[in-house]
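Read the structure below first, then the notes.
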């Protein structure tokens, strides 16, 4: 294994990771939500009353973030070497794997909207605005770190070739900032906007978790895309990202269909 020094961008990767960590921190501290992209998108396939708006704002913020980047600088060039059939297979695997491995993310509805409460309406407007702004920052972090470029990701996964360790710095920056935020959130019952804080994560490691992780890893390795970067790449205008995103949604939809069949009374 050799280091791909020409492709190695530690400072941009670290800065992008810190931005992602800040976005995740703001989302949990202000909105009481976890910045898990596949859970946010997958929740739209099993919508619950009062739990759709923030998810749409989240996805919209990711796709729109390249617009803000383009105002200040040229958009980074993406390298998508995978063929369309490979992107379709990879998207299906990522869609099924992320849903199977993490399960269904349940959101919290906004109290009072069904009764026409102006107080609840004002709280919802603040919640949606904060959610959009947070994910806007998340998308900028993905662009800055290089994680929207499948070529960059595959360079990190290629241990047998010229290895690009930049994504290690992305994870380090994001985890460092995120760990501080989640430590602060652990002692709170409500977010800064009054939303319930997320439940403690499960400690169970089972076959479902591992199988889903493996399916996702295969899809990620085939295309170099995972849910968040794929959505940001849509905003960049990358045509192949559309193919991957549609296949990923199809995979998530297939998972939901199979889950409903499995849970149906016999």
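The values are calculated or read from the model by the stated rules, or taken from the named source; none is laboratory data. Every value quoted in this text rests on a predicted model; they were computed, and no experiment measured them. Note that each Cβ is placed from the backbone with ideal geometry, even for glycine, and that neighbours are counted across all protein chains shown.
Sort out which residues of segment 229-249 are touching a helix residue (DSSP H, G or I) at 6+ places or on another chain (Cβ under 6 Å) and either crowded, with 24+ Cβ neighbours inside 10 Å or farther than 18 Å from residue 76 by Cβ (or both), and write them in order of number.
Listed by number, the residues that qualify are 229, 230, 231, 232, 233, 241, 243, 244, 245, 247, 248.
If you take the residues in segment 255-266 that are in a helix (DSSP H, G or I) and out of contact with any helix residue (DSSP H, G or I) (no Cβ under 6 Å at 6 or more places or on another chain), which one is nearest to residue 220 (Cα to Cα)? Give the derivation first.
To start, the set of residues in segment 255-266 that are in a helix (DSSP H, G or I) comprises 255-263.
Checking which are out of contact with any helix residue (DSSP H, G or I) (no Cβ under 6 Å at 6 or more places or on another chain) leaves us with 256-263.
Working: 256: 21, 257: 23, 258: 22, 259: 23, 260: 26, 261: 27, 262: 27, 263: 29 Å.
So, considering only residues that are in a helix (DSSP H, G or I) and out of contact with any helix residue (DSSP H, G or I) (no Cβ under 6 Å at 6 or more places or on another chain), the one nearest to residue 220 (Cα to Cα) is 256.
What residue, among those in segment 200-228 that are touching a helix residue (DSSP H, G or I) at 6+ places or on another chain (Cβ under 7 Å) and not in a helix (DSSP H, G or I), is nearest to residue 184 (Cα to Cα)?
Per the criteria, the residue is 226.
Quick one: how many residues across segment 157-199 are under 30 Å from residue 4 (Cβ atoms), in a loop (DSSP other than H, G, I, E, B) and at pLDDT below 80?
Taking segment 157-199 first, the residues under 30 Å from residue 4 (Cβ atoms) are 157-179.
Still in the list and also in a loop (DSSP other than H, G, I, E, B): 158-161, 164-165.
Next, only the ones that are at pLDDT below 80 stay: 158-161.
Adding up the residues that qualify gives 4.
Of the residues in segment 169-187, how many are in contact with a helix residue (DSSP H, G or I) (Cβ under 8 Å, 6 or more places away or on another chain) and either free of Cβ contacts under 8 Å to residues at least 12 places away in the same chain or farther than 16 Å from residue 10 by Cα (or both)? Give the steps one after another, and end with the answer.
As a first pass, look at segment 169-187 and keep what is in contact with a helix residue (DSSP H, G or I) (Cβ under 8 Å, 6 or more places away or on another chain): 169-178, 180-182, 184-185.
Imposing the further condition that a residue be either free of Cβ contacts under 8 Å to residues at least 12 places away in the same chain or farther than 16 Å from residue 10 by Cα (or both) reduces the set to 177-178, 180-182, 184-185.
Adding up the residues that qualify gives 7.
Please state which one of 166, 191 is within 21 Å of the chain's Cα centre (by Cα), more than 15 Å from residue 8 (Cβ to Cβ) and touching a residue at least 60 places away in the same chain (Cβ under 8 Å).
Values: 166 fails: more than 15 Å from residue 8 (Cβ to Cβ).
Step by step, each of 166, 191 is checked, and only 191 is within 21 Å of the chain's Cα centre (by Cα), more than 15 Å from residue 8 (Cβ to Cβ) and touching a residue at least 60 places away in the same chain (Cβ under 8 Å).
Take the conditions modelled with pLDDT under 80 and either closer than 19 Å to residue 34 by Cβ or touching a strand residue (DSSP E or B) at 6+ places or on another chain (Cβ under 8 Å) (or both) and apply them to residue 204. Does it pass? Show your work before the answer.
Details: modelled with pLDDT under 80: yes; either closer than 19 Å to residue 34 by Cβ or touching a strand residue (DSSP E or B) at 6+ places or on another chain (Cβ under 8 Å) (or both): yes.
For residue 204, the condition - modelled with pLDDT under 80 and either closer than 19 Å to residue 34 by Cβ or touching a strand residue (DSSP E or B) at 6+ places or on another chain (Cβ under 8 Å) (or both) - is met.
Residue-by-condition table, conditions (1) surrounded by fewer than 16 Cβ atoms within 10 Å (Cβ to Cβ); (2) under 15 Å from residue 227 (Cα atoms); (3) in contact with a helix residue (DSSP H, G or I) (Cβ under 6 Å, 6 or more places away or on another chain):
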| position | (1), (2), (3) |
| --- | --- |
| 49 | yes, no, no |
| 54 | no, no, yes |
| 60 | no, yes, no |
| 63 | no, yes, yes |
| 71 | yes, no, no |
| 79 | yes, no, yes |
| 84 | yes, no, yes |
| 87 | no, yes, yes |
| 92 | no, yes, yes |
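Just checking, which of 17, 32, 21 is modelled with pLDDT of 80 or more, on the phi > 0 side of the Ramachandran plot and buried (at least 18 other Cβ atoms within 10 Å of the Cβ)?
Details: 17 fails: on the phi > 0 side of the Ramachandran plot; 21 fails: on the phi > 0 side of the Ramachandran plot.
Unique residue meeting the criteria: 32.
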